[in-house]
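Step one of this worksheet: look at the structure below.
Quick note: the coordinates plus some simple rules give every number you see, no bench work behind them. Keep in mind the model is a prediction, meaning the values are calculated, not measured. Virtual Cβ from ideal backbone geometry, glycine too; neighbours counted across all protein chains shown.
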Amino acid sequence: MNLIVVDLEWNSASRSQKVDQELASLMRFEIIELGAVRLREDLSLGSEFHRYVTPVLYKKIHYHIAAVTKRTQQSLREGVLFTHMIDDIIAYAGENPVFASWGTADADVFLSNCHFHDVAGDFKFRALNAQAVFSGLAEGETSGNQRSVEYALDFLRLPKDLPFHEAITDAIYTARILARTLEMELTDHPGETVESLLKPYIFDPHLTRQLESVVTLDKGIDVVSFLESREYTCPACGRKLDLAKTESGGYWHTLKTGKRWFAAAKCEEHGDIEISVRKARRSDLQRYTIRTLIPDRPLKIPVSHEEKTPFVWIDPDA
Ligand SMILES: [Zn+2]
């Protein structure tokens, strides 16, 4: 697997600069720096890539971003154009790359910048959420508690010998976290490979991975019966989904009575799909939001928050 660990720094709108709203809606965050490091098959860190990018839309550095990244207004002019950076990273990344980053925001921002500069078609990549890999494999959690890079370094007893919030050092930290997490997992499960462990966490950021719709039911209609009778489609391709049966024979898991439900489904092309349903809050109407999602981690049925039937102890001698 051609695994490249990437970290971005980006700028956004600030009060001191008027930006055309239509342009701004196409690109909410503009990349000003990209750092990357290759994670080799043997989990050692390989060659690095680093570019400052000169913004064309948000040319004034936002004070908060300046404070976190320690970038100055002057330094924004010292970068290359985004399109040049893309040419360079295509050459650096090589065939069929998987871009790993902490969380999913980097992949979304990267793609929005590619669309803005009309280069999205030139460069196909798959994405991997390193934060989800850390939570799932090192912490044994799939619910996605969003840990910070620093938390993961502490958890794995990795050194914090580099500055934070610089693209290249954050990429190196993320690569070290991935490498340590995978090493530990391979020691515990010798039958696995880096490829097999990472497969459920890889997603295609070019797809529409999530769709929501709202339905309002007439009074007296049972939600679960309605959900059972309905058909569901894949957010990416619109194919009809196959829902997985629960132990009790239906398709729907009640997570909270009258409020939240979940079903596991499959698209023939895009694999596992999560369907979650939530009743609208503060509404007298029977209004429900139905969300279909291609997950960026192994699909797991969420834990039900149903109150368990209280245990009553009966004294056998009574
Ligand atoms: Zn599909």
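A compact table of results
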item	result
Helix-derived mean residue ellipticity, 222 nm - over the chain, DSSP H n ≥ 4, -39500 (n - 2.57), to 500	-7500 deg cm²/dmol
Angle in degrees between helix 105-116 and the longest Cα principal axis of the chain, rounded to the nearest 10	60
Rel. contact order, % - alpha carbon contacts under 8 angstrom, at least six apart, the chain	15
Efficiency of FRET between R157 and S25 - r from beta-carbon atoms, R0 51 angstrom, step 0.05	0.70
S148-K219 FRET efficiency (beta carbon distance; Förster radius 51 Å; 0.05 resolution)	0.65
Sequence-separation-based contact order of the range 210-305, relative, with Cα cut under 8 Å and 6+ spacing, percent	31
Residues of type lysines that K240 reaches as a straight line, Cα spacing below 22 Å, ignoring anything fewer than 8 places off in the same chain	K266, K300
Under-5 Å amide H pairs with N2, H placed in peptide plane, nonlocal only	V98
Inter-site label distance for D88 and F164 at 7 Å from Cα along Cβ, in nm	2.7
Neighbour net charge for H64 - beta-carbon separation under 13 angstrom, K R +1, D E -1	+3
Set of lysines with alpha-carbon distance to K60 below 22 Å, sequence-local pairs under 8 removed	K18, K70
Residues of type lysines that K219 reaches as a straight line, Cα spacing below 19 Å, ignoring anything fewer than 8 places off in the same chain	K259, K279
Principal-axis tilt of helix 167-188 within the chain, Cα atoms, nearest 10 degrees	50
GNM result for the chain, Cα springs below 10 Å: residue of K18, K199, K300 fluctuating most strongly	K18
Against the rule of thumb 2.2 N^0.38 Å, how large the Cα Rg of the range 2-203 comes out	1.04
Average Cα contact separation per residue, the range 125-191, under 8 Å, 6 or more apart, as relative contact order %	36
Taking K256, K219 and counting other C-beta atoms within 10 Å, the order from fewest to most	K219, K256
Amide H within-cut-off set for A280, under 5 Å, with H built and near neighbours excluded	R287, Y288, T289
Most to least packed among 71-84, 108-121 [average Cβ atoms within 10 Å]	108-121, 71-84
Burial ordering of W10, W252, fewest other beta-carbon atoms within 10 Å first	W252, W10
Degrees between helix 82-93 axis and first principal axis of the chain (Cα, 0 to 90, nearest 10)	80
